[in-house]
Structures are given as C-alpha cells and as structure tokens.
Amino acid sequence: MSVNRFEITLPMMCATPDALPSKSGTGGASTTILDIRRDWMTKSAADQARRIIKHRQSAEGSTLLRVGTPDDEAGQTAIEQLATLRPHGFVLSGCGGVADIQKFDVMLRVAEATHGLEAGSVGLVAEIGENLAFLLSQMSLKDVSYRLNAIIFDSEGLTQATASQTFNVAASRAGAPLLLARAAVVIKARQAGIACYDLLHESDVNPRTTRDIALADGFSGVIARNAAQLEALSAP
C-alpha cells in the first residue's frame with residue numbers, strides 16, 4: 001500500500017480562506033492549513049478549498065484542510081468531496097484520541113476507494129486541545145494509523161474547554177491545565193514517533209519567542225495564525 005508521508009514544511013500557517021495572504025510571505029516553501037472547520041460540510045467551504053488548492057498547486061509545500069469531527073453519513077460524504085480536491089491531508093480538529101483517528105482513517109480509505117484515489121495518499125494530522133478525552137486517555141498513538149503524520153496542540157481550545165487561564169497571575173506561572181496538556185502532547189508524540197506543533201494564538205505578537213519556548217518544551221515548531229506571525233517566523 002502506498003503511503004503519503006507528506007512533508008510538513010516550516011514555516012506553517014493556519015488561517016481561514018479569507019485571511020490567507022495572496023503570497024506565502026516566506027520567500028520559499030511553506031505549509032498551509034486551510035481552516036474550514038466552522039462550515040466544512042458546506043458547498044461554500046468545498047468551493048473555497050478547491051480555489052486555494054488549485055492556486056497552490058504550483059507552490060512548494062503542503063496544503064491541508066482543517067475540518068471538524070465527522071460522525072454521520074453526511075460527514076462521510078463531505079470528507080469524500082474534499083478528498084477529491086487532492087489536499088495533501090486533513091487536520092482533524094477536536095480529536096478525542098485513538099478512536100477518532102481510527103474512524104477518520106476508515107473514512108479516508110472509503111473516500112480513496114470510492115473515487116479512485118491512490119490508497120494511503122491522503123495524510124492525517126490530529127489536533128488536540130478542545131476535546132479533553134485525548135488528554136485523559138492512556139492509549140498510545142503509536143501505529144494507530146499509517147496516515148498519522150503529526151499532532152497539533154490548540155492551547156486556546158484547551159483553556160476554553162477547562163475554563164482556565166493561559167497564565168495564572170496569582171501563581172506567576174502558566175495555568176496548570178496548560179502545563180499538563182503541553183507535556184502530554186509532547187510525550188504522546190514522541191512515544192508515537194511523530195512530530196508535534198504548537199498552534200499560536202491570533203493575538204501572539206512575539207511568535208519567535210513563543211517558538212523558542214515551544215522548541216525548548218519539545219515541540220517540533222509552531223504554526224502561525226496570520227500573515228504578520230508568518231513573516232516574523234520566516235525572518236532570518
């Protein structure tokens with residue numbers, strides 16, 4: 001079976017279709033995550049994804065689609081329609097762990113078989129944060145899916161889900177749920193032998209410092225949320 005081990009090329013950017021810059025702003029290869037998760041099952045989202053994937057066909061680097069967790073026949077249909085656009089892979093937001101990854105893997109197998117796509121040609125990245133089930137699970141991600149290339153940590157989703165703060169002012173340290181989650185994500189990624197990336201907040205004005213902190217914590221890198229962050233991360 002052929003496996004699409006697409007390369008995640010730094011720098012990386014995750015943005016909605018209307019927020020993507022007309023040019024990469026990096027002067028070279030980059031990875032774009034098209035954030036369509038709010039309406040990913042609609043024709044409008046598919047049309048936007050089609051336009052951007054076509055525009056990026058000549059660009060160096062991968063294009064991924066950030067979607068929600070499909071849980072019914074309509075979700076399978078939407079995944080199949082998006083898979084035919086030939087993205088390099090999907091980012092599964094709100095991932096709750098092994099069961100969600102395996103279910104999505106099966107959906108992609110069906111999409112490939114139904115639409116004549118090469119088996120294993122669509123990659124998968126699991127996004128962790130807003131679904132706390134992942135962090136509470138003891139199950140390893142090792143060999144869960146041959147498609148699984150990386151983990152993305154959504155700290156904003158985590159703090160919203162736990163009603164906690166990113167920084168605990170009273171204790172003069174990062175919030176406890178955030179510290180625990182960051183450690184869990186890094187450990188699970190290393191255990192599975194895959195990369196892990198920290199998704200920046202839209203308001204982060206010093207992404208290079210955030211990147212240095214993430215690298216020191218064991219992350220593989222960070223993901224920009226806007227053009228200013230992308231330029232800052234790309235600067236020599």
If amide hydrogens are placed 1.01 Å from N in the peptide plane, which non-local residues have theirs closer than 5 Å to the one on A195? I151
Please list, or write none, the aspartates and glutamates whose alpha carbon is within less than 16 Å of the alpha carbon of K103, excluding same-chain residues fewer than 8 places away. D71, D72, E73, E80, E112, E127, D143
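Can you give the FRET efficiency to the nearest 0.05 for E202 and D39, using r as the Cβ-Cβ distance and R₀ = 25 Å?
Numbers: r = 19 Å, r/R0 = 0.75.
My answer for the efficiency is 0.85.
For the chain, give the magnitude of the charge dipole about the Cα centre (Cβ charges: +1 Lys/Arg, -1 Asp/Glu; no others), in debye to the nearest 20. Before the final figure, lay out the partial values.
Values: 22 positive and 25 negative charges, 76 e Å.
For this selection, approximately 360 debye.
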Given the chain, longest segment not containing exposed loop GluC sites (Glu not before Pro) (DSSP; at most 15 other Cβ within 10 Å): 119-201
Go from 0 up to the bin containing the longest alpha carbon distance in the chain, width 5 Å each, and give me the % of pairs per bin. 1, 7, 15, 19, 20, 17, 12, 6, 2, 1, 0, 0
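Within 10 Å of each candidate Cβ there may be at most 12 other Cβ atoms; applying that plus a DSSP loop requirement, which trypsin sites (Lys or Arg not before Pro) in region 141-236 survive?
On the way: sites: K142, R147, R173, R182, K188, R190, R208, R211, R225; in loops: K142, R147, R225.
For trypsin sites (Lys or Arg not before Pro) across region 141-236 that sit outside H, G, I, E and B with at most 12 neighbouring Cβ atoms in 10 Å, the list reads K142.
Taken together, the values in this text are just the output of simple stated rules run on the coordinates, not laboratory data. What you see is a predicted model; the values in this text were computed from it and never measured. Every residue, glycine among them, receives a Cβ derived from its backbone with ideal geometry; neighbour counts consider all protein chains shown.
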